[in-house]
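First comes the structure, then the notes that go with it.
The values are calculated or read from the model by the stated rules, or taken from the named source; none is laboratory data. Please read all numbers here as calculations on a predicted model, not as lab measurements. A quick note on method: Cβ atoms are made from the backbone with ideal geometry, for glycine too, and the neighbour counts reach across all protein chains shown.
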Amino acid sequence: MKLLSALGISMAVEAVSAAALQPRHYTFPALTGTSDWQFVRTTDNFQSNAGVSNVNSQQIRCYTSGSRSAQTQTVSAGSSVTFKANPNIFHPGPLQFYMAKAPSGQSIESWDGSGNVWFKIYAEQATVANGQLAWASLNKNSVSVTIPRNTPSGDYLLRVEHIALHQASQAGGAQFYISCAQIRVTNGGSGNPGPLVSFPGAYSANDPGIQVNIYSGVRSYTPPGPAVWTG
């Protein structure tokens, strides 16, 4: 009995240790109050939860391959949109949001988001804690952004991006966790969103906001990509 008990304890310890060593990845599968992948395009990592590391990959856009359409959620300009994180955001790094308007004559359900069409509406800034960079999004189970009040009405892809920087000291070490929701902006304004960028194209592997050792005592950080359009 003692042998069996010891064996059981050993197996339990090994199981806990193995679980502790599992990579902590995550997705953004839903807008709050809706079903997973209802208004968010199903990402290629919907089972693995793994991040994208190649900024030149087509996956850096919406983390999808081929046609991955969803339903379209109506959102009033000036209101907030919240994505669920599943599980929590486990790694340190910045949260960013981008939008891209479907071109005239194209349906948001079939549009792939290609071209210089993306503009940034939010970039999370870092703080310095105990001599290291820190971000408030760490361990969050939901993240929100406000659609700028002057955003023109129309159909958009709303792209949430979290960049995990815990292994980013070498090129290709940063991990991007991305999803794109389909939204219809109503009650919009007459703003001119920009600057516009493309995905891929907006980032390089050695951008200082992507290749960075956040544990080396660095005391400032600028997220990659264009300036935020505030509307």
- the range 102-136: number of residues that are without any contact (Cβ under 8 Å) to a residue 60 or more places away in the chain and outside any loop (DSSP other than H, G, I, E, B): 3
- Message: Would you confirm, using the coordinates I've provided, whether R41 is under 12 Å from the mean Cα position of the chain (by Cα), touching a residue at least 60 places away in the same chain (Cβ under 8 Å) and within 24 Å of G201 (Cβ to Cβ)?
- Response: no
- Message: Take R159 and tell me if it is of a type in the set (D, E, K, R) and farther than 24 Å from A85 by Cα.
- Response: no
- Task: Assess whether F46 counts as being crowded, with 17+ Cβ neighbours inside 10 Å, touching a residue at least 12 places away in the same chain (Cβ under 8 Å) and closer than 16 Å to S142 by Cβ.
- Result: no
- Note on the structure: Conditions (1) within 30 Å of S104 (Cβ to Cβ); (2) assigned to a loop (DSSP other than H, G, I, E, B); (3) modelled with pLDDT of 95 or more -> D207 fails only (1)
- Task: Quick one: which residue in S204, S190, S220, S216 is within 20 Å of the chain's Cα centre (by Cα) and surrounded by fewer than 16 Cβ atoms within 10 Å (Cβ to Cβ)?
- Result: S204
- With the checklist (1) modelled with pLDDT of 95 or more; (2) of a type outside the set (F, W, Y); (3) buried (at least 22 other Cβ atoms within 10 Å of the Cβ) in hand, flag the one item L133 doesn't pass. (1)
